Amino acid sequence: MCIYYYLSTLLTLLIMKIMLCVATCNNAEYDINGECCPMCDPGKRVYRHCDETTSTTCVSCLVMTYTNIPNGLTKCLPCSVCDESNRLRIKQACTFKSNTVCEPLPGYYCIDQHCSKAMKHSTCSPGQYVNQTGTEFSDTVCNDCPVGSYSDGTLCNLHTKCESLGKITVKTGTQTSDAECSNGTPLPIVLSVIVVCVVLFVIIVVVVVVIKKTLMQFQNSIQYRVTSPQDLDLHPQL
């Protein structure tokens, strides 16, 4: 029981000591081996930690490195590189106190909030329209055109109504093309007229041939009766 009490007390004292040590360092200090040292300002790093007699020694960051907050770092952070192969370019150059800010090349968008890489904006297909233009951090949003309209992939346009223009629809509009109009008679009607004319012509020809053949048969029949031997016997004077 005594051993348990002793261990419990020792553990409690240890925890209190740790908490006291942590609590000793304020927001402008950092802990190093149980010692609270003043932080370096943004744009600088720790060159030498503080001790009982001296404060923290800080030095400025080197080129292409930075620190953007008060810190106890012994090395500055490396600046990001806007790699053109990732479709990026510099929006804001790196300084001792701030990292490089990248942005996508025109026509591209960042795939993450840090803009570490960019992708090309989507292109809407014919029959679709741009519902939302692509931005620096978002892709283009495409939607299908409503019925009765068409597009080349940008904006939807209503199909032309040929009849309202006093014309005739030669070709019906689709999602990707407009209706085609004509001032003349539509081909189906022309074909119908031609077919009717041909049929009438054939009928007329057939009728004429039948009538002509009938007349010829009638004439031959009369001639046969007049010139037959029986008729000659009945009329010897001939």
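The numbers here are math on the coordinates, done by the rules we state, and not lab data. Quick caveat, the model's predicted, so the values are computed rather than measured. When we count neighbours, we look across all protein chains shown, and the Cβ atoms used for this are built from the backbone with ideal geometry, even at glycine.
Using the alpha-carbon centroid of each, what span in Å lies between segment 191-220 and segment 90-123? The distance from the Cα centre of segment 191-220 to that of segment 90-123 comes to 85 Å. Given in Å, the Rg to one decimal and the Dmax to the nearest whole number for the Cα atoms of segment 121-201 are 19.7, 73.
Bridgeable lysines around K161 (alpha carbons under 29 Å apart, same-chain partners fewer than 8 residues away excluded): K171. With a cut-off of 18 Å on the backbone N, the residues of segment 89-129 near the modelled label site 7 Å out from T154 along Cα-Cβ are 107-108, 121-129.
Exposure proxy shown here: for V147, V170, V207, the number of other Cβ atoms within 10 Å sets the order, fewest to most, as V147, V207, V170. Averaged over residues, the count of other Cβ atoms within 10 Å places the peptides 128-140, 192-204 in the sequence 128-140, 192-204, highest first.
Modelled spin labels at V63 and Y47, positioned 7 Å past Cα toward Cβ, are 2.0 nm from each other. The slack between V202 and N27, meaning 0.36 nm per residue of separation minus the straight C-alpha distance, is 52.2 nm. Put simply, the amide H of S149, placed in the peptide plane, has neighbours under 5 Å in H159, leaving out anything fewer than 5 places away on its chain. Of all lysines in the structure, those lying under 27 Å Cα to Cα from K120, and not within fewer than 8 positions of it along the same chain, are K91.
Between V81 and E163, 0.36 nm times their residue separation minus their Cα-Cα distance comes to what?
On the way: separation 82, 0.36 × 82 = 29.52 nm, distance 6.14 nm.
Full extension of this stretch gives 23.4 nm more.
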